[in-house]
Amino acid sequence: MAASVPSPFSAFWAAFRSNRGALLGLWTVLGITLIAALAPWLAPYGPTLTDNQVFLTPPAWQSGGTAAHWLGTDAIGRDILSRLMHGARLSLAIGVAVVLLSVLIGSALGLAAGYVRGVFDMLIMRCMDVILTLPSLLLAIVIVAILGPGLLNAMLAVAIVVLPHYVRITRAAVLAEAQRDYVTAARLSGAGHLRLMLVEILPNCAAPLIVQASLGLSTAILDAAALGFLGLGAQPPLPEWGTMLADAREFVLRAWWVVTFPGLAILITVLAFNLLGDGLRDALDPKLKR
């Protein structure tokens with residue numbers, strides 16, 4: 001009997017799980033997502049609740065700490081563990097919103113540029129090249145400075161900064177797929193332009209977009225945290241990790257925990273998404289699998 005051919009998902013999962021770093025990133029992302037989803041029930045205190053009796057209380061295992069505030073408190077008596085949990089919800093929401101906006105607009109522009117070609121393609125790609133020539137964080141700061149500080153404006157700024165990556169990836173995939181035999185067959189059978197673009201070509205460009213989106217989540221979270229640290233992103237008292245770092249700057253020498261734990265949260269989350277993205281890239285790219 002001939003051996004059964006594994007399904008595409010089985011082949012993908014076999015390649016993905018062979019990468020230990022990717023599995024670590026996947027489980028870490030799932031754990032952070034679970035904590036974020038259950039933050040209202042897991043967090044011992046509200047993220048904005050203050051207590052004037054416990055200003056800058058150290059972590060529970062350090063001298064002067066208390067089990068009531070396991071990771072300590074900040075300068076106005078807010079529980080750091082609770083703020084980190086609620087901050088995970090905010091940071092993940094920012095990353096997902098930025099990536100969704102960038103993928104939708106970027107894939108539409110890249111699909112149109114790669115399919116239509118000509119002058120339209122040249123205009124779109126020159127605009128993307130101009131954005132890529134500017135330092136990403138500096139461009140985000142300029143956009144937020146023009147629109148005004150705030151969470152929504154910071155998300156829009158980060159989406160604009162990362163947009164060229166999705167446009168270029170989609171365009172390159174469209175140029176490759178448009179030459180395939182199945183597209184030619186669909187065109188000869190009478191398929192219109194919209195069907196060719198949306199039904200025949202775009203679904204086959206999903207693999208590189210998925211990889212870029214997984215990597216883009218870490219970039220969005222990191223850029224949003226940077227804007228929050230500069231006072232241009234989420235505004236107090238929102239428990240965004242970058243804003244927590246900004247609030248703790250003056251206490252970095254005498255209260256290490258108010259800076260260390262938000263920084264570790266950003267580090268672990270960004271690293272997990274990068275490991276996950278690398279694993280997806282290796283599993284979805286046939287050349288890398290070989």
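The numbers here are math on the coordinates, done by the rules we state, and not lab data. Given the structure is predicted, the values throughout are model-derived calculations rather than measurements. Note that we place each Cβ from the backbone using ideal geometry, even for glycine, and neighbour counts take in every protein chain shown.
Below are the figures for this structure:
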{"read-out": "Fluctuation leader among Ile80, Ile201, Ile94 - the chain, Gaussian network, Cα springs under 10 angstrom", "value": "Ile201"}
{"read-out": "Under-5 Å amide H pairs with Glu240, H placed in peptide plane, nonlocal only", "value": "none"}
{"read-out": "Charge dipole (the chain, unit charges on Cβ, about Cα centre) - positive-most of Ala145, Val174, Phe273", "value": "Val174"}
{"read-out": "Separation between Cα centres of segment 9-57 and segment 120-170, rounded to whole Å", "value": "29"}
{"read-out": "Charge dipole (segment 122-256, unit charges on Cβ, about Cα centre) - positive-most of Val211, Pro239, Leu222", "value": "Val211"}
{"read-out": "Debye, to nearest 20: dipole size of the chain, +1 on Lys, Arg Cβ, -1 on Asp, Glu Cβ", "value": "680"}
{"read-out": "Computed [θ] at 222 nm, helices only, for the chain once each DSSP H run of length n ≥ 4 contributes -39500 (n - 2.57)", "value": "-22500 deg cm²/dmol"}
{"read-out": "J(HN,Hα) series, segment 122-130, from Karplus relation 6.51 cos²θ - 1.76 cosθ + 1.60, nearest Hz, glycine and proline x", "value": "5, 5, 4, 6, 5, 5, 5, 5, 5"}
{"read-out": "Total charge dipole magnitude, segment 211-290, about the Cα centre, Cβ charges on Lys, Arg, Asp, Glu only, Debye to nearest 20", "value": "300"}
{"read-out": "Cα centroid of segment 60-93 to Cα centroid of segment 205-252, whole Å", "value": "18"}
{"read-out": "Tilt relative to the chain, helix 20-37 - C-alpha long axis, 0 to 90 degrees, to 10", "value": "60"}
{"read-out": "Under the Karplus curve 6.51 cos²θ - 1.76 cosθ + 1.60, θ = phi - 60°, whole-Hz ³J(HN,Hα) for segment 259-271, x wherever Gly or Pro sits", "value": "9, 5, 6, x, x, 5, 4, 5, 4, 5, 5, 5, 5"}
{"read-out": "Karplus-derived HN-Hα couplings along segment 206-211 (A = 6.51, B = -1.76, C = 1.60, θ = phi - 60°), whole Hz, x at Gly and Pro", "value": "6, 4, x, 5, 5, 5"}
